[in-house]
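Q: Please find one structure pasted underneath; my questions will follow.
The values are calculated or read from the model by the stated rules, or taken from the named source; none is laboratory data. Just so we're clear, the structure is a prediction, and the values are computed from it rather than from any experiment. Every residue, glycine among them, receives a Cβ derived from its backbone with ideal geometry; neighbour counts consider all protein chains shown. In case anyone asks, the SASA skips ligands and DNA or RNA and just uses the protein heavy atoms, side chains included. Shrake-Rupley method; radii C 1.70, N 1.55, O 1.52, S 1.80 Å.
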Amino acid sequence: MCKVLLDTLLYTVQTSCMKYAPPTDPALLRQPTSTPKMLDGEGRIRGSLRQLYRDVDSVLWAFRGTSPAPFSLRDGSAYDNQLRAVGAELSNQREMDVVAIDKIAEDAVKITLRPTDKQPIQFYAGQFLTLAIEIDGELVKRPYSICSSPDQEDTVSIGVRALNNGKMSTYLNNVLEAGDTVGVYGPSGSYGVQNISELGQHTVCIAGGSGITPQMAILKYTLEQSSESLATLIFINRTVESTMFHNEIKELKKSFGDRFTLHSIYTRSTKKHTRIKAKRLSTLLKPTTSPALASQYFLCGPEELMNLTHQTLEQLGVKPDYIHREEFTAAISQVDQNMSERVESLTVHTDTGHQLTTVNPGQTLLEAGLQAGMTLPFSCTMGGCGACKVKVVKGDVAMPEPNCLTQEDRASGHILSCISHACGPVILEVKS
């Protein structure tokens, strides 16, 4: 009796699979498949049926000759996609040698890197790199803003402040040495000067603490591009000793003279701790808001400082399009208890078609897609830049918080594939 029921069940699922499995006609391969309606709903029986459907469906794909056997790499040739190389290119990682490490504050260093392949480094002022280093047997990834000018293509420099209990920052400040080799992802991020022709005559940077790092790249680059360009820096720190790039900023002032205006503010220079007030900030910013200057404003630092600056600029009549904020927030590394502990199906729809693969337990959606040869957007691989943002059409995912997604992104069903794990079958939509 049990054998009869099992045979009937398998026949029903196989029939459904054949009905909904991708057709063999290449002209029809771009039509997305869908799970049979008979498997919709909740419950342990339907859940088991859905798992069985996915297993049989994967096998049928192999027998039809449109893809290799399940759980192996696919080249996606049936979908007009090209096979991506497996290895360093697959994860967008480059190896870079540490050229120099310079002390730039009592608790911070500047690290200069050169690619081992000697290929030029292409980035724009304001972007960041993600370093990947094995520390105490664990692969640790952390993002650090680039402080060197894009005109300097053979090497690239980042600024790193040592944080309390910061595993990577402590290692970079105290252990890393010139001559070491590190793994690097990126450059990443949308903050900064993407097109110098749209910048305008006056660049205004407001920075707090280590928020000066990307601003250094922006200031250097904009001042170097034209003999008529102007720049202003409003820099808030606790003390002179804690000020990153203190000497380099003095050199900028020396090199560019009146074209570079500097306002240094120290909140703990006396026994009394102070904070910058809206009134003082308004006084410093008002001269930069002249319509004749066509100023662009770049904000980087503590959220409280950026919010205050943003509000002050709006009160001074600055249009939102002229205000740029570095909203980078790295996701906290954690394991979500809702993450599936079994192999799940992953379907990705693009403008050119769709692909089906599987996600192994513990694997991110991005890792699964790249392993299958899918062309997916990504950059930092740790939830900080938003480059891997995709939309969930169907299914549930587990995603660490906080991350760089906005409330609007979440409301519209978007996730970051580089840190998201499947809680069940997932269907994604990727825009070109």
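Q: Going through segment 116-131 one residue at a time, which ones are touching a residue at least 60 places away in the same chain (Cβ under 8 Å) and either more than 30 Å from Cys205 (Cβ to Cβ) or in contact with a Gly (Cβ under 8 Å, 6 or more places away or on another chain) (or both)?
A: Thr116, Phe123, Tyr124, Ala125, Gly126, Gln127, Phe128, Thr130
Q: Of all residues in segment 342-364 being closer than 16 Å to Ile419 by Cα and in a loop (DSSP other than H, G, I, E, B), which is least open to solvent (accessible area, probe 1.4 Å)?
A: Thr364
Q: Let me ask another. Based on this model, can you work out whether Thr232 counts as more than 24 Å from the chain's Cα centre (by Cα), part of a loop (DSSP other than H, G, I, E, B) and surrounded by fewer than 23 Cβ atoms within 10 Å (Cβ to Cβ)?
A: no
Q: A further question on this structure: Can you find a residue in segment 248-267 that is in a loop (DSSP other than H, G, I, E, B), in contact (Cβ under 8 Å) with a residue 40 or more places away in the chain and surrounded by 11 or more Cβ atoms within 10 Å (Cβ to Cβ)?
A: So far as segment 248-267 goes, no, none of its residues is in a loop (DSSP other than H, G, I, E, B), in contact (Cβ under 8 Å) with a residue 40 or more places away in the chain and surrounded by 11 or more Cβ atoms within 10 Å (Cβ to Cβ).
Q: Sticking with this structure for a sec: Got at least one residue in segment 288-300 being open to solvent by 80 Å² or more (accessible area, probe 1.4 Å) and in contact with a Ser or Thr (Cβ under 9 Å, 6 or more places away or on another chain)?
A: no
Q: Looking at (1) out of contact with any Pro (no Cβ under 8 Å at 6 or more places or on another chain); (2) closer than 22 Å to Tyr266 by Cα, which is the only condition Gly211 fails?
A: Condition (1) is where Gly211 drops out.
Q: Kindly establish whether Ile415 is of a type outside the set (Gly, Ala, Ser), in contact (Cβ under 8 Å) with a residue 12 or more places away in the chain and not in a loop (DSSP other than H, G, I, E, B).
A: Spelling it out, Ile415 is indeed of a type outside the set (Gly, Ala, Ser), in contact (Cβ under 8 Å) with a residue 12 or more places away in the chain and not in a loop (DSSP other than H, G, I, E, B).
Q: Could you identify the single residue in Gly183, Gly159, Gly192, Gly166 that is more than 14 Å from Thr112 (Cβ to Cβ) and either among the hydrophobic types (A, V, I, L, M, F, W, C) or buried (at least 23 other Cβ atoms within 10 Å of the Cβ) (or both)?
A: Testing whether each residue is more than 14 Å from Thr112 (Cβ to Cβ) and either among the hydrophobic types (A, V, I, L, M, F, W, C) or buried (at least 23 other Cβ atoms within 10 Å of the Cβ) (or both) leaves just Gly192.
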